Every structure is written in structure tokens, then in C-alpha cells.
Amino acid sequence: MSDSKATLVDGLNTDLAHEYQAILMYNSYAAMVYGMHRPTLKQFFETELPEELTHAQLLADKITALGGTPTTEPAPLDLATEPKAMLKQVLDAEAETIERYVERRRQAEEAGEYGLATELDDIIRDETEHEEETEKLLRNLRQKH
């Protein structure tokens, strides 16, 4: 495996670990969220799960296609307990995720993996939508309290 592909596989495994973290975070927060905004936030967290799982499946497939082995370990996660803190954590995670995927897209192009670069564009779009929706929910909570 070339150096650029090995670097790409390492990065994709980092991304996969963070997708696993996101799945755990959204699933836990859907169960844990409380208060008057629970119905809305529970639905929001549950809605994110299938997309994050799809991203994880795509990453695992790409890692193996490039000759690597997908990680089975999620990135570390410290769960918040208060609804606003949950959304803030999600917002921060989405911003970091977008930065990682933009870097991964650059690495994919450098490695000549143009199909992967295009798929990463789709993930970047998805994650940007997640970030925007989270910001809107957080803005609403800030205004009411």
C-alpha cells in the first residue's frame, strides 16, 4: 500500500471511530434527554442515527477496499446530562467532523481515489446539514431560557 493510501486508511479509521461515537452519542441522548423539549430533541437524536450508521458502513467498506481493516473502537465519549449541553456537544462534534472530512477528501484526491472524494462530498453535505439543524435547535433553547 502506498504512503498516501496508508495515510488515507488511517484517517478513514479515525473518521469511522468518530461515526461510532456519534451513533453512541445520538442513541444515548435520545434516551436521556428530559424536560419540555424532550419530544423534539428525542426525535432529532433518533433521526440522526440511520445516517451516521450509513456513514460508518461506507467508511468500513472503503477501508477494506483500500486494503485496511476497519476499527471496531469508537472515539472516546463523555456524555452531557443537560439538554443544552447535549446540543452543544453535538454542534462541536459536527464542526470537528466536517473539518476531518474536508481533510479526508483532500487525502482521497491525493491518493487518486476520486470516487471516494465524491462520496466524502456527500458526507460533508450531510454533516453540514446536521450542524445547521443543531445550531437552530440550540438557538431556540437559548432564546427560551
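The values are calculated or read from the model by the stated rules, or taken from the named source; none is laboratory data. Since this is a predicted model, take the numbers as computed values, not measurements. We place every Cβ from the backbone using ideal geometry, glycine too, and count neighbours over all the protein chains shown. Only protein heavy atoms, including side chains, enter the accessible area calculation; ligands, DNA and RNA are left aside. Shrake-Rupley method; radii C 1.70, N 1.55, O 1.52, S 1.80 Å.
Annotations for the structure displayed:
- Unique residue being under 23 Å from THR47 (Cα atoms), open to solvent by 80 Å² or more (accessible area, probe 1.4 Å) and touching a residue at least 24 places away in the same chain (Cβ under 8 Å) when the list is THR97, THR128, THR81, THR134: THR81
- Meets criteria (under 14 Å from the mean Cα position of the chain (by Cα), closer than 24 Å to THR7 by Cα and in a helix (DSSP H, G or I)) for GLU119: no
- In the stretch 34-78, the residues that are in a loop (DSSP other than H, G, I, E, B), charged (D, E, K, R) and within 24 Å of ARG104 (Cβ to Cβ): GLU73
- The residues in the stretch 11-41 that are among the small types (Gly, Ala, Ser), in contact (Cβ under 8 Å) with a residue 24 or more places away in the chain and closer than 23 Å to LYS136 by Cα can be counted, and the count is 3.
- In the stretch 42-71, the residues that are over 20 Å from GLY115 (Cα atoms) and open to solvent by 20 Å² or more (accessible area, probe 1.4 Å) never reach a residue that is modelled with pLDDT under 95 and part of a loop (DSSP other than H, G, I, E, B) with C-beta atoms less than 6 angstrom apart, at least six apart or across chains.
- Residues considered: ALA17, ALA111. Of these, the only one that is buried (at least 17 other Cβ atoms within 10 Å of the Cβ) and over 24 Å from GLU129 (Cα atoms) is ALA111.
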